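Peer 1: Here's a structure for you.
The values are calculated or read from the model by the stated rules, or taken from the named source; none is laboratory data. This one's a predicted model, so the numbers in the text were calculated from it and none came from an experiment. Quick reminder, even Gly has a Cβ in these numbers, built from the backbone with ideal geometry, and neighbours come from all protein chains shown.
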Protein chains: 4
Amino acid sequence: MGRTHSNAFLQAPRFFQLPYQPVLRAVCTRNGQTAAQFAGNWGYESTETDWRKLVERDDIDLIDIASPNDTHAEIAKAAAQAGKMVLCEKPLGRTAAEARDMVKAVESAGKPNMVWYNYRRVPALVLLRLLLNEGRFGRIFHYRSQFLQDWTISQDLPQGGTALWRLDVKVAGSGVTGDLLAHNIDMAQWLNGPILEVSAMTETFIKERKHNLTGKVEPVGIDDASLFMCRFQNGSLACFEATRYARGHKALFTVEINGEEASASWDLHDLHRLSYFDHHDEGRLRGWRSIHITDSDHPYMKNWWVPGLQIGYEHTFIHQFADFVRSLESGQAASPTFRDGLATDCVTDAVLRSAKNRQWEKVSVD
Amino acid sequence: MGRTHSNAFLQAPRFFQLPYQPVLRAVCTRNGQTAAQFAGNWGYESTETDWRKLVERDDIDLIDIASPNDTHAEIAKAAAQAGKMVLCEKPLGRTAAEARDMVKAVESAGKPNMVWYNYRRVPALVLLRLLLNEGRFGRIFHYRSQFLQDWTISQDLPQGGTALWRLDVKVAGSGVTGDLLAHNIDMAQWLNGPILEVSAMTETFIKERKHNLTGKVEPVGIDDASLFMCRFQNGSLACFEATRYARGHKALFTVEINGEEASASWDLHDLHRLSYFDHHDEGRLRGWRSIHITDSDHPYMKNWWVPGLQIGYEHTFIHQFADFVRSLESGQAASPTFRDGLATDCVTDAVLRSAKNRQWEKVSVD
Amino acid sequence: MGRTHSNAFLQAPRFFQLPYQPVLRAVCTRNGQTAAQFAGNWGYESTETDWRKLVERDDIDLIDIASPNDTHAEIAKAAAQAGKMVLCEKPLGRTAAEARDMVKAVESAGKPNMVWYNYRRVPALVLLRLLLNEGRFGRIFHYRSQFLQDWTISQDLPQGGTALWRLDVKVAGSGVTGDLLAHNIDMAQWLNGPILEVSAMTETFIKERKHNLTGKVEPVGIDDASLFMCRFQNGSLACFEATRYARGHKALFTVEINGEEASASWDLHDLHRLSYFDHHDEGRLRGWRSIHITDSDHPYMKNWWVPGLQIGYEHTFIHQFADFVRSLESGQAASPTFRDGLATDCVTDAVLRSAKNRQWEKVSVD
Amino acid sequence: MGRTHSNAFLQAPRFFQLPYQPVLRAVCTRNGQTAAQFAGNWGYESTETDWRKLVERDDIDLIDIASPNDTHAEIAKAAAQAGKMVLCEKPLGRTAAEARDMVKAVESAGKPNMVWYNYRRVPALVLLRLLLNEGRFGRIFHYRSQFLQDWTISQDLPQGGTALWRLDVKVAGSGVTGDLLAHNIDMAQWLNGPILEVSAMTETFIKERKHNLTGKVEPVGIDDASLFMCRFQNGSLACFEATRYARGHKALFTVEINGEEASASWDLHDLHRLSYFDHHDEGRLRGWRSIHITDSDHPYMKNWWVPGLQIGYEHTFIHQFADFVRSLESGQAASPTFRDGLATDCVTDAVLRSAKNRQWEKVSVD
């Protein structure tokens, strides 16, 4: 994720009018050679190999955390205590408890903070939220969301280490629940409000994999697939599913919402499109519209190219960082804050609890 | 459904070589005028207004039940006892208990019997089952299926009576669980094997509606939406959802299955297409194939038109009836039998039980 | 085509209220055994093996011509002279000259007549025409239409005889120009008005094929592919293309029309959908709507099934025949008449002329 | 286009290993304030307001021309004579004659040169070319390509000046023929070989528009729409169409190719997908594959994100510039060179000639 973040730091000021100009003071990673190479490529002025040094530096105002999940809490808390602004990759913590500490730290410090749930900056989804807030959908009945991948189907794939820490439960905290479902949940609560209770099931299809750090075949601790049903505060019902075993799907993050007056759907494989059904259209002409979200009246798009020309994945990070820099001037916190990130962790906690207990679990927000 | 069945009786022998020629002896409905009109239109030789009379007639070999759900058990049992072959609209019973009695009756009588789960005769789905049986998908990880409609969103729609008995819980037995989910479940168990346990939730969005028979506003007893997660005997996980409140979807019955080696998906809005992903394809050329199921090497299709020309909804009934008539010669029961229909009712029972009890429920087939 | 016509005769009165009831008096084909079998299957009361006999029969009011193109003119003229109503498969004649004679014959006789350009009864296209006639598209700028097939790519396919007369230029008159482009042209002039002039090119990719009648390899006289550009009377420009060498396309008849205020497109592979773009939609929500043409307010559809359930290819013939029977009561000729069929032949003539002369050719209507 | 080029100069070295590091010495535009602002945003070291000064500077090795069409030839020739490498926006010249002079200049100078036909670097199209070169399509029968826009439909849109020079025939040279069709033609000849002869038609739908420079309503000299049919050297037939009057289409550049063994299609609205039909697939499982061109074995894609995450429009320029820089080391000219750009101008010349003369015109390459 270091590349997407760095790219955002560089591209945001070129495409958006920003009140401040980011300066890439230093990049930090445990391996000094890697750090130097990364710094050279992306234009960082210096490198560090110990994040504690980074946090201590006076010439740095903002710490961006793009390291594995088990480091988020410690770094974030130290950075906040050192009076830095803090940005953090998702999920915020491995558990809600970790996340709660992090929220406390940044809120005590009173410093701007943000979690990289980048899909909140997909123009199609921003438009969808605008439409929802305008009341165009009426009462919401249904929500559904998936995140389908297929990259861990092979039994030969090992777990752990730099490349595959997402498969190591100690580092990642959980499997697809924290990695993929967290995106679904953040989006769902942003679009459709709080989730009240969940009934979940998880599965680990491949029970043992070689561990890259020990060299031995070890039990797999993560969830390979995670499904849950839930009820939202607004009375709507939903079904969520995340997996890395859906052959043929690479990163199929889907969202659909059905309201009394309108429905919409979206997926990441064509992120520049929004499907929209408006019941107010004349009866015989009602149909799902495929809206190509590339016009100048679509969110963020007047800063890019002419109509019809699509953007890509990394643009969501550029938008998010631009919004963050603007928030420093406006004083309006850029979403999602650490507190928003905690709200997602509270749901993933409930999901994992429900899957274990085989019963409905309430989402406890604090 | 009387029209789709009658059409099937007439069309099947014109497009398929059948060992027997169906003769439309009589149609029965409570209103004599309606019966006469229907008989005139479809070429029935006579009419009855009491189904008991029909069952008693010696010139009739087969009784086809297309009346509301609360009549299925009684008619089917009487017909079986009278030594008739019996066809019955789905769901077989309003409950598994009703269905179990019906199975007992037809099996005691030793007469051919079949339930009209017509989607088992969609050529695309027949092909999908062939592919599954050939082992092309490898281990199955995921299954998912929806049936999304939007025709009961209006608060002004009444319940009950001839036109809207599906909204009257006494007649229908349940709401979308028996009406729509039953299709999803029949298809799922046919394609992917037995469902072992379920966790379900249901909702009645509109709590009161005018009743057509009493003229008064009465509580709505049916489920407007029904969702469940489940585990199949083959170890795969699934998510099911049926609703009549998904704005923009008319009859969106969907099926998707993800295996180790291949995946496939289908939906009723383009029933003549199958989406298929084959992991054995060369890496850089892998993609979801949209197969237009209109070639002569596709199930049933050599009996229709030239490649590229699609069939419609009613053709599934024609195929099913043709298969039934052929089964009389071969002696191999045409699927789904009453026993298969019971298997679906056992799952819908478990779904309704789970939604009520808010806990996982085993499917008891006994 | 005998099957689609016969099916239409039988199905039309079952699904549509008709003022007259068709009676299937006789079927005629050169081979008596074939005729008997066909009559048995479809319920014809008698058979003939000489069409002249058929035309002479007093118990017959209407002659339907479904034989190869080289027989259309002779039979139609004889039938008209005998005072019969005449229906004829498309194209009307092999040339405009043939067609002109046929028009003269039926108009002199003053008898109802119709050409089976069945796609005029696709509900989606009927709706499109309604929208055009309502003025919703404004000034038309562009029209485009294709008919893409791939069934003659193999060099091993022979030409001629009962099964493959479409490849024999003497019988068919031309290749894809008369067989496929004729559909495109009939539809185009029906939707968008008269074509004034064309510039065309044709190609015969495979120059020699075994002839089924002679058993010898003979030159191929038909056009395998036919393309033309044209100008319509309303000032719009168009591009047309038909071929049997478009690998991967089975019967991809496409239509697209772009107007100042709206655009629409359709194709035969999903004949129950219409794509529609309305510039009057709110700017940020403009998109192509995929309209599922299965609602009761769509043309012909209230006579079929509930919303969401599609019809197939043969339904277009059922609609056309129902309209014809109704026209006998209303006195309003059912479209397309022989005169409309001639209008298409005038364009195909101009196309073939232009391809040969390598220059723009005017369409001469009489 | 200055933004897409500048972005490519900055991004290419961050995502691709390049043998040389581009240095942004100077940006030149007539207005000094604009130049300064642009330089500030994109990191150019200095500015010029007279391109002649730029060409004279010793510290500059490469001139990139992103100004209106009427300046291409003069600047390119001067730059070549000054011994610079030259990159030029498409079309190369307003006419083949202009382009021929430009080719002569760069070839005499012996300096690397390239035209920004950026779509040659869409990964999906690069893959398509690889497949064609591997012989997977067999004999090619058909090619078709469109470029459909709708942004000039309003009569109120003026012509000329900085923003709308594309509508001013003196500056642009032609309308959609040079602006859009040029892309179609470059792609077609790159994929399918030389075009031999064309029959074309053009139209100017709106005959007069206010001119931004004179303030007066003046005749419109450009073509609003341009269509042509053609024959390729390989014997295939094609149909091309470009327009700015296709309501509902923003930048719908489409490509389709039909061969004996395979077919493929692509469009710019979903540039990260390739549709592919392989006749070698098992018969009953043949279908158009929608390949999501985001895997690491797809051209350029291992340098971007993980599978499933799409790229956008500007990436094509980044790829092209990366290839250019690499070509400086390899000595293999990066395509398309000025000579390739001339080949396109020869076809656009023939198209305009044919539309004017209303006859087939041969493409004369030199």
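Peer 1: Please find, among B:ASN41, B:ASN7, the residue that is within 24 Å of the chain's Cα centre (by Cα), within 14 Å of chain C (Cβ to nearest Cβ) and not aliphatic (A, V, I, L, M).
Peer 2: Matching residue, one of B:ASN41, B:ASN7: B:ASN7.
Peer 1: Right, next: Being assigned to a loop (DSSP other than H, G, I, E, B) and within 21 Å of D:PHE9 (Cα to Cα) is the filter; apply it to the stretch D:267-309 and report the residue that is farthest from the other protein chains (Cβ to nearest Cβ).
Peer 2: The extreme case among them is D:TYR300.
Peer 1: When you look at A:GLU56, is it surrounded by 19 or more Cβ atoms within 10 Å (Cβ to Cβ) and charged (D, E, K, R), yes or no?
Peer 2: no
Peer 1: Now, a different point. Which number in (1) acidic (Asp, Glu); (2) farther than 18 Å from C:THR4 by Cα; (3) under 13 Å from the mean Cα position of the chain (by Cα) marks the one condition that C:ASP70 misses?
Peer 2: With (1) acidic (Asp, Glu); (2) farther than 18 Å from C:THR4 by Cα; (3) under 13 Å from the mean Cα position of the chain (by Cα) applied to C:ASP70, the lone miss is (3).
Peer 1: Still on this structure: If I filter the stretch B:228-253 down to residues being in a strand (DSSP E or B) and within 18 Å of the chain's Cα centre (by Cα), which single residue comes out as farthest from the other protein chains (Cβ to nearest Cβ)?
Peer 2: B:ALA242
Peer 1: Then there is this: Which members of the stretch A:129-144 meet the condition of being under 19 Å from the mean Cα position of the chain (by Cα) and either surrounded by fewer than 24 Cβ atoms within 10 Å (Cβ to Cβ) or within 9 Å of another protein chain (Cβ to nearest Cβ) (or both)?
Peer 2: A:ARG129, A:ARG144
Peer 1: Quick check on my filter: what residues within the stretch A:1-18 are part of a loop (DSSP other than H, G, I, E, B) and either in contact with a Leu (Cβ under 7 Å, 6 or more places away or on another chain) or surrounded by 14 or more Cβ atoms within 10 Å (Cβ to Cβ) (or both)?
Peer 2: A:MET1, A:PHE16, A:LEU18
Peer 1: In the stretch C:206-227, what count of residues is obtained for those that are in a loop (DSSP other than H, G, I, E, B), within 12 Å of chain D (Cβ to nearest Cβ) and not charged (D, E, K, R)?
Peer 2: Qualifying residue count for the region: 1.
Peer 1: Also: Out of the residues in the stretch A:145-164 that are of a type in the set (A, V, I, L, M) and within 21 Å of the chain's Cα centre (by Cα), which is nearest to the other protein chains (Cβ to nearest Cβ)?
Peer 2: Checked the stretch A:145-164; the qualifying residue nearest to the other protein chains (Cβ to nearest Cβ) is A:LEU148.
Peer 1: For D:SER199, all conditions in the list (1) crowded, with 24+ Cβ neighbours inside 10 Å; (2) touching a Phe, Trp or Tyr at 6+ places or on another chain (Cβ under 8 Å); (3) within 24 Å of D:ASN69 (Cα to Cα) hold save one; what is the number of the exception?
Peer 2: Here D:SER199 meets the rest and fails (3).
Peer 1: When you check D:ILE257 against the structure, is it within 28 Å of C:ALA251 (Cα to Cα), outside any loop (DSSP other than H, G, I, E, B) and among the β-branched types (Val, Ile, Thr), yes or no?
Peer 2: In short, yes.
Peer 1: Please go through the stretch C:136-159 and pick out each residue that is among the small types (Gly, Ala, Ser) and over 22 Å from D:THR243 (Cα atoms).
Peer 2: Of everything in the stretch C:136-159, just one residue is among the small types (Gly, Ala, Ser) and over 22 Å from D:THR243 (Cα atoms), namely C:SER154.
Peer 1: Looking at the stretch B:3-25, can you tell me whether even one residue there is closer than 19 Å to B:PRO68 by Cα, hydrophobic (A, V, I, L, M, F, W, C) and modelled with pLDDT of 95 or more?
Peer 2: Within the stretch B:3-25, not a single residue is closer than 19 Å to B:PRO68 by Cα, hydrophobic (A, V, I, L, M, F, W, C) and modelled with pLDDT of 95 or more.
Peer 1: Further question: Among the residues of the stretch C:248-261 satisfying the criterion of being of a type outside the set (Val, Ile, Thr) and surrounded by fewer than 21 Cβ atoms within 10 Å (Cβ to Cβ), which is nearest to A:ASP281 (Cα to Cα)?
Peer 2: Applying the filter and picking the extreme gives C:GLU261.
Peer 1: Let me ask something else. Does C:GLU203 count as within 13 Å of another protein chain (Cβ to nearest Cβ) and touching a His at 6+ places or on another chain (Cβ under 9 Å)?
Peer 2: Taking the combined requirement at face value, the residue does not satisfy it.
Peer 1: The conditions are (1) surrounded by fewer than 23 Cβ atoms within 10 Å (Cβ to Cβ); (2) touching a helix residue (DSSP H, G or I) at 6+ places or on another chain (Cβ under 6 Å); (3) farther than 30 Å from A:THR204 by Cβ, and B:TYR117 fails exactly one of them. Which is it?
Peer 2: It is condition (1) that B:TYR117 fails.
Peer 1: In this structure, is B:VAL365 modelled with pLDDT under 95, among the β-branched types (Val, Ile, Thr) and touching a helix residue (DSSP H, G or I) at 6+ places or on another chain (Cβ under 8 Å)?
Peer 2: yes
Peer 1: Oh, and also: Test D:LEU181 against the criterion of being aliphatic (A, V, I, L, M), in a helix (DSSP H, G or I) and in contact with a strand residue (DSSP E or B) (Cβ under 6 Å, 6 or more places away or on another chain), and give yes or no.
Peer 2: Against the criterion (aliphatic (A, V, I, L, M), in a helix (DSSP H, G or I) and in contact with a strand residue (DSSP E or B) (Cβ under 6 Å, 6 or more places away or on another chain)), D:LEU181 qualifies.
Peer 1: Has the stretch A:189-196 got at least one residue that is aromatic (Phe, Trp, Tyr), modelled with pLDDT of 95 or more and buried (at least 24 other Cβ atoms within 10 Å of the Cβ)?
Peer 2: Among the residues of the stretch A:189-196, not one is aromatic (Phe, Trp, Tyr), modelled with pLDDT of 95 or more and buried (at least 24 other Cβ atoms within 10 Å of the Cβ), which makes the answer no.
Peer 1: Does D:THR337 satisfy the criteria of being β-branched (Val, Ile, Thr), more than 8 Å from chain A (Cβ to nearest Cβ), surrounded by fewer than 20 Cβ atoms within 10 Å (Cβ to Cβ) and in contact (Cβ under 8 Å) with a residue 12 or more places away in the chain?
Peer 2: yes
Peer 1: So, of the residues in the stretch B:310-336 that are of a type in the set (Gly, Ala, Ser) and part of a loop (DSSP other than H, G, I, E, B), which turns out to be nearest to the chain's Cα centre (by Cα)?
Peer 2: Only one residue fits best here, namely B:SER335.
Peer 1: Still on this structure: From the list C:PHE141, C:PHE147, pick out the single residue that is in contact with a Leu (Cβ under 6 Å, 6 or more places away or on another chain), in a strand (DSSP E or B) and not polar (S, T, N, Q).
Peer 2: Going through C:PHE141, C:PHE147 in turn, the sole match is C:PHE147.
Peer 1: Identify all residues within the stretch B:250-309 that are under 27 Å from D:PRO299 (Cβ atoms), of a type in the set (D, E, K, R) and touching a residue at least 12 places away in the same chain (Cβ under 8 Å); write none if there are none.
Peer 2: Those that are under 27 Å from D:PRO299 (Cβ atoms), of a type in the set (D, E, K, R) and touching a residue at least 12 places away in the same chain (Cβ under 8 Å): B:GLU261, B:ASP278, B:ARG289.
Peer 1: Could you go through the stretch C:165-173 and let me know if any residue there is part of a strand (DSSP E or B) and either away from chain B (no Cβ under 14 Å) or touching a residue at least 60 places away in the same chain (Cβ under 8 Å) (or both).
Peer 2: Among the residues of the stretch C:165-173, not one is part of a strand (DSSP E or B) and either away from chain B (no Cβ under 14 Å) or touching a residue at least 60 places away in the same chain (Cβ under 8 Å) (or both), which makes the answer no.
Peer 1: A further question follows. Restricting attention to the stretch A:150-164, report how many residues are surrounded by 21 or more Cβ atoms within 10 Å (Cβ to Cβ) and not in a loop (DSSP other than H, G, I, E, B).
Peer 2: Count: 2.
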